[in-house]
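Below is one structure, written out as structure tokens; the observations come after it.
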Amino acid sequence: MSAAMPRTTTRGVVFIHAAPTVLCPHVTWAVEAVLGRRVTMAWTPQPAAPRLVRSELSWTGPVGTGAELASALRGWDNLRYEVSEEPTATSDGSRWAHTPRLGIHHAATSVSGDAVVHEDRLREAIDRARGDGAALQAELDRVLGGPWDRELEPFRHAGEGAPVRWLHKVG
């Protein structure tokens, strides 16, 4: 019988930037199913989108929990959200962003929170640009998540009055 390898623990945050109120219990249940525990999500009005609400939740769990959370929330197209997972000594961090118009975007992140672009994604962007400098700039912007950041920014600022969630280095 082999001993189970200990799983590395990390932290992150689920930011629900905008959701219809009818989805709130479903979002909460989806997060609870991934985390394996009951959670309380405080839903507040989203000033950038009347009739929508926002919430954030800090979480702790095994590496990969961020991907599971992003996947669990992906089914609702009218949801705007971001999920972050902090890097550990053995894993990259990650950020997932979703908007109804753009779908989901994933970026690996460094310890400082910068997007890390892996070489295959860079090669693909270069190939798609076909030597056109403006096209390369647009491809790199897409790889870095620029369209998602621009679309989510008004919703992030609208949540500036929300409680601050401090993240701590794990590992």
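Just so it is clear, none of the values below were taken in a lab; they were calculated from the coordinates. If you're wondering where the values come from, they're calculated on a predicted model, not measured in any experiment. Cβ: placed from backbone, ideal geometry, glycine included. Neighbour counts: every protein chain shown.
May I ask for the equivalent-ellipsoid semi-axes of segment 15-121, computed as the square root of five times each C-alpha gyration tensor eigenvalue and listed largest first in whole Å? Could the numbers behind the result be given before it?
Values: eigenvalues 118, 55, 27 Å².
They are 24, 17, 12 Å, listed from largest to smallest.
Both the radius of gyration and Dmax for segment 59-156 are 14.4, 44 Å, in that order, over alpha-carbon atoms.
Residues in segment 112-124 carry Karplus couplings, in order, of 7, x, 6, 5, 10, 9, 6, 4, 5, 5, 5, 4, 4 Hz; the curve used is 6.51 cos²θ - 1.76 cosθ + 1.60 with θ = phi - 60°, and Gly or Pro positions show x.
The order of ARG54, ARG74, going from fewest to most other C-beta atoms within 10 Å of their C-beta, is ARG74, ARG54. Residues whose amide H falls under 5 Å from that of ALA18, counting only those 5 or more places apart or on a different chain, are ARG80, with hydrogens built in the peptide plane.
Evaluated with a Cβ-only charge set (Lys, Arg +1; Asp, Glu -1), segment 20-108 carries a dipole of roughly 340 debye about its Cα centre, given to the nearest 20.
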